[in-house]
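The block underneath contains the structure these notes are about, expressed in structure tokens.
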Amino acid sequence: MKIRTRNYLAFIVFSACWLACLALPYASKAQDLKTMQAGFKDPKGTARPKVYWWWLNGHTDTTLLREELQSIKNAGLGGVDIFEIGFRSDGLVPAGPSFMGDESLKTITFAIQEATKLGLEVGLNLASSWNAGGSWVTPEYAAKSLYVSKLMMDKPGRQSIPVPFPDIPKKDSRGNELLIQFAPDGRPVYRQEVAVLAIPVQAGQTYLDTSRIVNVTRYFDPKTETLNWSVPTGTWEIHRYVCSNSGDPLLLPSPNSKGPIIDHFDSTATRMHFMYFINRLKPVLGDFRKTALKNLYLASFEAKNALWTPSLADQFKKLNGYDIAKFLPYIFNKTAFDPKTTDRFQQDLNRTISELMINNHYRKGKEIANRYGLNLISESGGPGPPLHNVPVEAIKALGSLDVPRGEFWINHARLDDTKDSIDLLMLVKEIAAASHLYRRKITELEAFTSFQNWQEGPGDMRPIGDRAFCEGMSRPVIHGFTHNPTRQGFPGNVYAAGTHFNVKTTWWPKVKPFNDYLARVSYVLQETGFVADVLYYYGNKVPNFGTPKNSRFAVGSGYDYELINTEKLLSDLTVKNGLLTLPYGAQFKVLALDEIIGDDPAVLRKLEELAKAGAIITGAKPTGVWGASQTVANRLWNGTGNFSPNELKKGKVFTTPAGQILQALRVSPDFDYPDKGSQRIDYMGKSQPLLDYIHHKKGELDFYFVRNTTDKTVARLCSFRQPGKAPELWDAVTGQIIPIPVYNQVGDHVEVPLTFGPYGSCFVVFNRQSSPPPFKAVTSTTAHPPLFTYTPNGLEFLENGNVELTGTAKASRIDNRIQVQPIEGTWHVTFTKGWGAPETATFPTLISWTQSADKGIAHYSGAGLYTKTFTYTRPAASSGRTYLDLGKVGKVADVWLNGKPLGITWAAPYRYDVTDVIKPGENSLRVEVINTWSNRIIGDIREKENYTQTNLKVRGSRELLWSETPLVESGLLGPVTLQTVQPFHITTNGKL
């Protein structure tokens, strides 16, 4: 009996454990959803956007620094990057102390300690402006270049030939001083002999022949500067190559912080530079982990003259297997060698420089920062040529950081000269790829950089921000918040570039809801993984940069792709069950290839290995390969190139476009809708589809962020490749999560009718379906779904007419009627005293302030408080919801009804649910509307007035002077209406 009891108890214990194990996955999935919902509603930590905190000329005021940090916290931002920058030397902003000197260090420490108290995150830019460098950089650690002297010899025989030292310029081509230290003998303090070459000179010779170039370095005595060599018959040109400092200065330092930039290719220079900051900060801050200082920041590399480093020749030979010396003439004459030799050498040199910069600067900097509990952030992936001479393979450089960062601009583009006119300033897709490939949680973007001054509100910023989210951004760093060390003057002095996003911006007191919006989208994209059908290898050329989504490469509308670089292709990519697989779980159906060049057989052999394992690979046969690479390429591209499932695992690469392969595999678009109008997205406006998207995933949850690219309200039947799942709508503007009761499973897709406001966006989130929806479709007399919204109260239709709901439940027909009551008549408006407008004004009808006959109102900037009393008549027998619709607003509004705050609205539709606030009879309405500083500055220029004080009083943008800049539509434009809508609540059994 005891044995039986013991066995029975054991059985009970075993059964309980077994059931618990079965329940674990379901509990985990439920916890995933619960965690994501909570984080979405109230995002914290790294989900919060940051700002560049510009300290002009290093001139600061600690009292105002403290106040600004508190304001930053109150505005819903998560942190700052302290960024000292130089300012014009006209006395408008006094020169502060030298960067990282004792006084500067004291201020930086104060700011970090104050931020620590507030729970903010701080990054510190490692220079006064950029690139990395400073007054502490001595010649041995400063950036370097290569110089050459030449002399002709035509006398044969053994000789002792004096070879002059190269001329080292003291100014650049624009006449600016180069920061090169010279010794008393007139030579640079830092100098190192590199090579001496003898080059035969022949009449009619077009190109140099390396087989005839003689490396005579071993015959040269650097002490006596003589070449002891037996000169062969003929004419020879003797080249003496010397490495010395390039003289590259910091690009825009504060007046007392000038200095050279470091040698970015030398690990000892990187170590010196990073340790200078750490050794200065650690004694005053202690353990960085206990402070707000979390990040060290390196801005984008924009050096102009730096080219050489002492280890370059050895690294070149190690990587490429031959000596660089005989090819040095190319550095000074790009046509010295024949095109074929030039192309091959140039690629080898570029790859060498890229590896030096990645390993000796970014990876070394990260190693040092991490040792002290800090992260390294940088724009290490460009922008590249033709904007800046960034000499790296971008994704690898970005992957060497803790947090990769790119950038995007608003109201400004820099287009390349290709037929697609690619925007070089939309640097997002490659940054996101680096974050994914190298398993970094966050994709940061320098965000909303601009040359347009005080003309945009948060609603104007949203479309380009949402575009960046759809390319992979998961944390904006807003460019930027300029510190003003005085309370006097508005809009104050600011850094010339960037959306002006500080306490002196007119709508700053109302900015938190916009920051909340950015944080909610960021939270979801940080906590989930990117999903795409195609993996795009962007080639082995160096330097190499990814371009905006669907520009240089596109799969087709409704499909997305991930970029991969050579390093991760070789080390991480495998095939599992026919899918290309990365170690963190991402899987792809097709690998698409860009150009492969040179003799790089490792890449082609990897492709062959993948193809034999069953991977589907497509791309044009390389034409710029040779040697072993050519042999492997001939094997891979052996056949017609047309895709056929029967040709898999035969080690072949196809040439059929990736989109056509997916269609042949019956892989329909991940996201689809009617009338796309384009197979690709050209963001320059030639063929931009209506809707854009990005797909992320966490466990069983799938998140689609979808945006409307137009300024119109649109409805579409959207199709998501989500078999057996049910959708929810997550609204990042409000934080609301709303079930979607109308959807239809069609094959492996879920069709969901969705309405988007002007430039609107939302997450559509899919979870495992528990029961079928009561209704599958909603239709009207139009080709697309009727305009309607999903709300906690049910479906609310936004236009009059007949609507039909069909599905598993009995079809329901609705005659929708919106009861509209205009709020008309006179509005009383109060303006802030001292800005040119009368303190009070009466508007018989709602118009833009710019249309007022009173120039003080037309040129007014700031807040205008509209007040009105109106009578509300509740519609007869109505149980609907009543909305206050403001119509059009320029730019931000804050509303009170009957003394109760309704909140801030910053983007269309400017609409409030007032059902529980409005009352029959008399109601009191207050609407505070805030525009931008632009109009007041224009008024000052036109009327020769002086209300505003700022450094930017000449140009309204890079393109237009203020005198040429049009006024910005401002105020409450209306029409203001009350709209009573009948919500249709759908029960689980399909009843309305």
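The values are calculated or read from the model by the stated rules, or taken from the named source; none is laboratory data. Since the model is a prediction, treat every value here as computed from it, not as a measurement. FYI the Cβ positions are ideal-geometry reconstructions off the backbone, even for glycines, and counts take in every protein chain you see.
Observations, loosely collected:
- Those residues of the stretch 275-302 which are among the hydroxyl-bearing types (Ser, Thr, Tyr) and in a helix (DSSP H, G or I), in sequence order: Tyr276
Yes/no per residue for (1) surrounded by fewer than 17 Cβ atoms within 10 Å (Cβ to Cβ); (2) not in a strand (DSSP E or B):
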position	(1), (2)
Ala893	no, no
Trp896	no, no
Pro901	yes, no
Lys919	yes, yes
Val927	no, no
Thr932	no, yes
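- Unmet criterion (only one of (1) outside any helix (DSSP H, G or I); (2) out of contact with any helix residue (DSSP H, G or I) (no Cβ under 8 Å at 6 or more places or on another chain)) for Thr60: (2)
- Considering Phe327, Phe301, the condition of being within 30 Å of Ser435 (Cβ to Cβ), buried (at least 22 other Cβ atoms within 10 Å of the Cβ) and not assigned by TED's automatic domain parsing to the domain that holds Ile597 is satisfied by Phe301 alone.
- Residue count for the stretch 473-493, restricted to those that are touching a strand residue (DSSP E or B) at 6+ places or on another chain (Cβ under 7 Å), farther than 13 Å from Glu68 by Cβ and modelled with pLDDT of 95 or more: 7
- Thr845 out of contact with any Gly (no Cβ under 7 Å at 6 or more places or on another chain), closer than 14 Å to Gly971 by Cα and not acidic (Asp, Glu): yes
- Top-ranked residue of the stretch 952-970 - restricted to ones that are within 23 Å of Phe831 (Cα to Cα) and in contact with a strand residue (DSSP E or B) (Cβ under 6 Å, 6 or more places away or on another chain), ranked as surrounded by the most Cβ atoms within 10 Å (Cβ to Cβ): Ser970
- Residue pairs whose Cβ atoms lie under 9 Å apart, sitting 6 or more positions apart in sequence or on different chains, and linking a residue in the stretch 216-235 that is surrounded by fewer than 15 Cβ atoms within 10 Å (Cβ to Cβ) to a partner that is assigned to a strand (DSSP E or B) and of a type in the set (Asp, Glu), are Asn228/Asp221.
- Cβ pairs under 7 Å, 6+ apart, first in the stretch 521-543 and in the same structural domain as Gly624 (by TED's automatic domain parsing) and closer than 30 Å to Arg666 by Cβ, second at pLDDT 95 or above and of a type in the set (S, T, N, Q): Tyr538/Asn565
- Scan the stretch 553-565 for residues that are among the β-branched types (Val, Ile, Thr) and closer than 14 Å to Glu430 by Cβ and the total you get is 1.
- When restricted to residues that are under 19 Å from Lys855 (Cβ atoms), in contact (Cβ under 8 Å) with a residue 40 or more places away in the chain and crowded, with 17+ Cβ neighbours inside 10 Å, the stretch 941-951 contains 2.
- Exactly one residue among Gly585, Gly546 is within 24 Å of Glu407 (Cβ to Cβ) and part of a loop (DSSP other than H, G, I, E, B), and that residue is Gly546.
- A count restricted to the stretch 659-700 and to residues that are within 26 Å of the chain's Cα centre (by Cα), at pLDDT 80 or above and within 14 Å of Tyr561 (Cα to Cα) stands at 8.
- When the stretch 761-780 is limited to residues that are in a loop (DSSP other than H, G, I, E, B) and surrounded by fewer than 17 Cβ atoms within 10 Å (Cβ to Cβ), the one that is modelled with the lowest pLDDT turns out to be Ser770.
- Residue match in the stretch 303-326 (condition: touching an Asp or Glu at 6+ places or on another chain (Cβ under 6 Å) and in a helix (DSSP H, G or I)): yes
- Hits in the stretch 798-844 (condition: touching a residue at least 60 places away in the same chain (Cβ under 8 Å), loosely packed, with under 15 Cβ neighbours inside 10 Å, over 30 Å from Lys776 (Cβ atoms) and out of contact with any strand residue (DSSP E or B) (no Cβ under 6 Å at 6 or more places or on another chain)): Gly834
- Residue match in the stretch 54-72 (condition: among the basic types (Lys, Arg), assigned by TED's automatic domain parsing to the domain that holds His500 and touching a Gly at 6+ places or on another chain (Cβ under 8 Å)): no
- Residue check, Val750 touching a strand residue (DSSP E or B) at 6+ places or on another chain (Cβ under 9 Å) and within 13 Å of Phe671 (Cα to Cα): yes
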